[in-house]
Amino acid sequence: KQLVAIPSSAVLFDKSKDWVMVYKDKKHIETRQIEVYSKIGDVTYVTSGISENEKVISKNGLLIYDALND
């Protein structure tokens, strides 16, 4: 089974769910719910919610998440 691997620092936990901030460009950042398969060290493997070659924000994601979702 092939899974998408992202940095564990990109995963945000809120409202009993896992989220990532997907970066499209400076004016387009999406909050997206993901399904985590497993976390091994600094890498998290995801089964759904993000596809290969999408960019995720792995630093200061919580600040951006709060700004966009309050």
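The values are calculated or read from the model by the stated rules, or taken from the named source; none is laboratory data. Quick caveat: nothing in here was measured; it's all calculated off a predicted structure. So basically every Cβ, Gly included, is an ideal-geometry build from the backbone, and we count neighbours across all protein chains shown. Quick note on the areas: whole protein, heavy atoms, side chains included, nothing else; ligands and nucleic acids left out. Shrake-Rupley method; radii C 1.70, N 1.55, O 1.52, S 1.80 Å.
Computed quantities for the displayed model
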read-out: Karplus (6.51, -1.76, 1.60) ³J(HN,Hα), θ = phi - 60°, over the range 52-65, in Hz, Gly and Pro reported as x; value: 4, 6, 7, 8, 10, 8, 10, 10, 6, x, 5, 5, 5, 4
read-out: Dipole magnitude of the chain, debye to nearest 20 (Cβ charges: Lys/Arg +1, Asp/Glu -1, about Cα centre); value: 100
read-out: Packing-based ranking, highest mean first, of 35-45, 1-11 given that Cβ atoms within 10 Å are counted; value: 1-11, 35-45
read-out: All-pairs Cα distance distribution in the chain, expressed in whole percent, bin size 5 Å; value: 3, 17, 32, 26, 15, 5, 1, 0
read-out: Accessible area of the chain belonging to carbon and sulfur atoms, whole % at 1.4 Å probe; value: 49
read-out: Using θ = phi - 60° and Karplus 6.51 cos²θ - 1.76 cosθ + 1.60, couplings along the range 9-18 (whole Hz; Gly, Pro as x); value: 5, 7, 7, 10, 10, 8, 6, 6, 9, 9
read-out: Mean residue ellipticity (222 nm) of the chain, computed from DSSP H runs ≥ 4 via -39,500 (n - 2.57), nearest 500; value: -3500 deg cm²/dmol
read-out: Per-residue HN-Hα couplings for the range 19-24 [Karplus 6.51, -1.76, 1.60; θ = phi - 60°; Hz; x = Gly/Pro]; value: 9, 9, 9, 9, 8, 9
read-out: Pairwise Lys count, the chain - Cα closer than 27 Å, eight or more residues apart or different chains; value: 24
read-out: Probe 1.4 Å, accessible area per residue of the chain, Å²; value: 73
